[in-house]
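Peer 1: One structure coming up, written as structure tokens, with questions to follow.
The values are calculated or read from the model by the stated rules, or taken from the named source; none is laboratory data. Source: prediction; values computed, not measured. Every residue, glycine as well, gets a Cβ built from its backbone with ideal geometry; the counts of neighbours run over all protein chains shown. Heavy atoms of the whole protein, side chains included, go into the accessibility calculation; ligands, DNA and RNA do not. Shrake-Rupley method; radii C 1.70, N 1.55, O 1.52, S 1.80 Å.
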Amino acid sequence: FVKIILFMIKISEKAVLRLNELKITEKYNSDFNLRVLVKGGGCSGLMYDLKFDNQISDTDKVFEDAGIKIIIDKKSLFYLIGTELDFSDGLNGKGFEFKNPNASRTCGCGESFSL
């Protein structure tokens, strides 16, 4: 039995635009990539974390979508398979949003989840 993963993490067009804007305004050079983490916390048990990072360890996995390099540590990898990172702006916009098919429950604020 072989399971085929079509993508690890996908980034929407709106999220790509916002990430590129942030990289410029916060003065990150091309050595910095997007690190996506899953860590313990929040009301549902797990939380997402995004940051720009220029360090890649031997246990990190590096993926690319829409011209954005994404670094994911070994522990977070399991939780993020098939996830889409989106960006919502406007009056009711929430900022970056994770659309994770593996999450069975998310809290009302959308900041944490469980499996």
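Peer 1: Please list, ordered by first then second residue, the pairs with beta carbon atoms under 6 Å, 6 or more apart or interchain, first in the stretch 1-23 and under 15 Å from residue 36 (Cβ atoms) and modelled with pLDDT of 60 or more, second part of a loop (DSSP other than H, G, I, E, B) and open to solvent by less than 80 Å² (accessible area, probe 1.4 Å).
Peer 2: Pairs found: 11/66; 16/66.
Peer 1: Would you be able to tell me the number of residues in the stretch 82-109 that are out of contact with any Pro (no Cβ under 8 Å at 6 or more places or on another chain), assigned to a loop (DSSP other than H, G, I, E, B) and either surrounded by fewer than 16 Cβ atoms within 10 Å (Cβ to Cβ) or modelled with pLDDT of 90 or more (or both)?
Peer 2: So the count comes out to 12.
Peer 1: Which of the residues belonging to the stretch 53-76 are open to solvent by 40 Å² or more (accessible area, probe 1.4 Å) and either of a type in the set (A, V, I, L, M, F, W, C) or outside any loop (DSSP other than H, G, I, E, B) (or both)?
Peer 2: Within the stretch 53-76, the first condition is being open to solvent by 40 Å² or more (accessible area, probe 1.4 Å), and the residues that meet it are 54-59, 61-64, 66-67, 69, 74-75.
Hits for the stretch 53-76 are 56, 61, 62, 63, 64, 66, 69, 74, 75.
Peer 1: For the stretch 43-52, enumerate the residues that are exposed (fewer than 14 other Cβ atoms within 10 Å of the Cβ) and in a loop (DSSP other than H, G, I, E, B).
Peer 2: Once the filter is applied, which keeps residues that are exposed (fewer than 14 other Cβ atoms within 10 Å of the Cβ) and in a loop (DSSP other than H, G, I, E, B), the stretch 43-52 yields only 45.
Peer 1: Another question about this same structure. Among the residues of the stretch 72-87, which ones are more than 17 Å from residue 103 (Cα to Cα) and over 9 Å from the mean Cα position of the chain (by Cα)? Reasoning before the result, please.
Peer 2: In the first step, residues of the stretch 72-87 are kept if they are more than 17 Å from residue 103 (Cα to Cα); the result is 72-74, 87.
Scanning the stretch 72-87 gives 73, 74, 87.
Peer 1: For the stretch 22-31, check the following and say yes or no: at least one residue is part of a helix (DSSP H, G or I) and open to solvent by less than 80 Å² (accessible area, probe 1.4 Å).
Peer 2: yes
Peer 1: Would you tally the residues in the stretch 68-79 being free of Cβ contacts under 8 Å to residues at least 60 places away in the same chain and touching a strand residue (DSSP E or B) at 6+ places or on another chain (Cβ under 8 Å)?
Peer 2: Counting residues in the stretch 68-79 that are free of Cβ contacts under 8 Å to residues at least 60 places away in the same chain and touching a strand residue (DSSP E or B) at 6+ places or on another chain (Cβ under 8 Å) gives 8.
Peer 1: Among all residue pairs at least 6 apart or on different chains, which show Cβ distances below 7 Å where the first residue, located in the stretch 80-96, is at negative phi and of a type in the set (D, E, K, R) and the second is modelled with pLDDT of 95 or more and open to solvent by less than 60 Å² (accessible area, probe 1.4 Å)?
Peer 2: 84/12; 86/12; 86/15
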